[in-house]
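The values are calculated or read from the model by the stated rules, or taken from the named source; none is laboratory data. Everything numeric in this text was worked out from a predicted model, so none of it was measured. Neighbour counts are summed over all protein chains in view; Cβ atoms, including those assigned to glycine, are modelled from backbone coordinates with ideal geometry.
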Amino acid sequence: MNKAVVYCSQTGFTEKYATWLAEDLGCRAVAYAGRSSVDVEALDVLVFCSWFHAATIKGATWVKQVMARHPAMHVIVLATGATPPPASGWSSEGEIEQAFRRTFPKAEYPNLPHFYCHGGFDLDRLGVADRVAMRLFFRMLGKSAQGDQKAGEMLDIMRKGFDGTSREYLRPVLEHIADLESAEGAAGEPGAESAASAVSEPGAAGRARGSCEPGRAGKASEVRKTC
């Protein structure tokens, strides 16, 4: 299967994940600005890596256009955020699902595989407008921190900056792509089509393509600039 990774990154954390993915998949990692160099027509799998900015995913318009023009392509979205993943206890799976669905509504993209990876934060790498916005956010968070221990801890962490990236977070993404390749290989075997049609249930293909772990993300109200 022909694959490519396209990433939108501001401070380098999403780029790190995209680079790791490309290494593991044996394909190119292409920056969003150079997306026109990708031969989309030749792709079987496109992984779009981006980041949450004000609880929406940057660069989503382009990937939506790709999906509309190439409905048979396997498109996977990986979003990064500053909020630690649900396993950390800082967020719930449902909260990030809500954040993801602000950009990709379930009614329009019911089977879109999507994943969340913990990013990082570096105020100095942000653009001027984002730095101003984050300073205002720090002030608001500071007021909340007076009666909220978790908010206080988050404020301290973000003021200092951090890198929460881990290659281990990519495991579910790689497993999903491996499943796609296995299914593709099985479909190419002699007699596979007739055998599949004999055992498939209505709608089974849609369920399989949509198989992912929903809500792999951070709190919708706290998913901040990270990339």
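When you scan the range 11-28, do you find a residue that is in contact (Cβ under 8 Å) with a residue 12 or more places away in the chain, over 26 Å from Val128 (Cα atoms) and among the charged types (D, E, K, R), even just one? So far as the range 11-28 goes, yes, one or more of its residues are in contact (Cβ under 8 Å) with a residue 12 or more places away in the chain, over 26 Å from Val128 (Cα atoms) and among the charged types (D, E, K, R).
If I filter the range 97-113 for residues that are in contact with a Cys (Cβ under 8 Å, 6 or more places away or on another chain) and farther than 17 Å from Ala22 by Cβ, do I get at least one hit?
The answer is yes; a qualifying residue exists.
Do we have any residue at all in the range 110-118 that's surrounded by fewer than 20 Cβ atoms within 10 Å (Cβ to Cβ) and over 14 Å from the mean Cα position of the chain (by Cα)? Within the range 110-118, one or more residues are surrounded by fewer than 20 Cβ atoms within 10 Å (Cβ to Cβ) and over 14 Å from the mean Cα position of the chain (by Cα). When Lys16, Lys64 are screened for being surrounded by fewer than 19 Cβ atoms within 10 Å (Cβ to Cβ), modelled with pLDDT of 95 or more and among the basic types (Lys, Arg), only Lys64 passes.
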